[in-house]
Amino acid sequence: MTPPAGDRDPAHTPVRVLLCDDHAVVRAGLLALLSSAPGIEVIGEAGDGEEAVALAAALRPDVVLMDLQLGSGIDGIEATRRIAGLAGREAEREAEREAEREAGREGEYDDGRDVEREAGRDVERDVAGRGAAGRGAAGRGAPHVLVLTTYDTDADINRAIEAGATGYLLKAERPEELFSAIRAAAAGRSTLSAPVAHRVLAQMRSPRPGLTDRELDILGQLARGLSNREIARALFISEATVKTHLGRIYDKLGVDTRAGAVSVAKEQRLLP
């Protein structure tokens, strides 16, 4: 049965997907699941963030299905940021190559060679090179990153979107929703799981101010179990200033105890 037109890209080729999850069993399950979806092809698997970035650069998939927690090394947020920046880095490299070609042409002119003949050959080589790049992996734009995770905290969602994620999906979604989100991501359209969309809308309706750098410093000291006096000494500020900042931290995190502040900060990944 031929899949509907909306399930395929304009060139009638499948959506090329790279999986990134640090659990081999999860990757195997996703591979089996996506193999049953029309118009979707898994072209690679990565077990950590660094591998995902390297494979995304080499294979240039349409979509990278990205988990957030990836064990040691960079997490899914940083991997997303690096993958989203691939197009810009490729453009910079192409600009450098073009500058080198121009410099080479100027050198040929200085050598007194036949300008028209050599320029014609340069154009031919340039066109051939661009055609090969367009047909190869490097000719693709940066892959779209679709986050697939179990975490739905405000901090995770915000960081993923700011890093350049096209969509944010929870692993509890039905397979059909995952397939649809992958196709949407390949087309550059955003997809959010219902709970994620609810959180985003709630933030927009009543945004909670973020912590300042100083408040984050104090929160970090708080997580170490330091007293107000010890925090003041460590940061070279007065105890009164520490108390003032703590009051603001409690208000922003919606807590009223030191333990509550540390707990919420860890949940929202505000602490290193």
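The values are calculated or read from the model by the stated rules, or taken from the named source; none is laboratory data. Remember, predicted model here, so these are calculated numbers, not experimental data. Every residue, glycine as well, gets a Cβ built from its backbone with ideal geometry; the counts of neighbours run over all protein chains shown. When the accessible area is computed, the model is the full protein with side chains, heavy atoms only, and any ligands, DNA or RNA have been set aside. Shrake-Rupley method; radii C 1.70, N 1.55, O 1.52, S 1.80 Å.
Every residue in segment 223-240 that is without any contact (Cβ under 8 Å) to a residue 40 or more places away in the chain and touching a helix residue (DSSP H, G or I) at 6+ places or on another chain (Cβ under 7 Å), please.
To start, the set of residues in segment 223-240 that are without any contact (Cβ under 8 Å) to a residue 40 or more places away in the chain comprises 224-240.
226, 228, 229, 231, 232, 234, 235, 238, 239, listed by residue number.
So, in segment 233-270, of the ones that are charged (D, E, K, R) and touching an Asp or Glu at 6+ places or on another chain (Cβ under 7 Å), which residue ends up modelled with the lowest pLDDT?
This residue is 269.
Could you list, in sequence order, all residues of segment 143-179 that are open to solvent by 20 Å² or more (accessible area, probe 1.4 Å), aromatic (Phe, Trp, Tyr) and at pLDDT 95 or above?
179
Any chance segment 213-232 includes a residue that's at pLDDT below 90 and of a type in the set (A, V, I, L, M)?
Scanning segment 213-232 turns up no residue that is at pLDDT below 90 and of a type in the set (A, V, I, L, M).
Considering segment 180-203 alone, what residues qualify as being among the polar types (S, T, N, Q) and open to solvent by less than 30 Å² (accessible area, probe 1.4 Å)?
193
Please note which helices (runs of 4 or more DSSP H) are completely contained in segment 141-213 and include at least 1 residues that are under 19 Å from residue 269 (Cβ atoms).
Per the criteria, 154-163, 194-205.
Against the condition open to solvent by 60 Å² or more (accessible area, probe 1.4 Å), out of contact with any Cys (no Cβ under 7 Å at 6 or more places or on another chain) and under 25 Å from residue 157 (Cβ atoms), how does residue 266 come out, does it pass? Steps first, please.
On the way: open to solvent by 60 Å² or more (accessible area, probe 1.4 Å): yes; out of contact with any Cys (no Cβ under 7 Å at 6 or more places or on another chain): yes; under 25 Å from residue 157 (Cβ atoms): yes.
Answer is yes for this residue.
Among (1) touching a residue at least 24 places away in the same chain (Cβ under 8 Å); (2) surrounded by 13 or more Cβ atoms within 10 Å (Cβ to Cβ); (3) under 30 Å from the mean Cα position of the chain (by Cα), there is one condition residue 254 misses while meeting the rest; what is its number?
Status for residue 254: all satisfied but (2).
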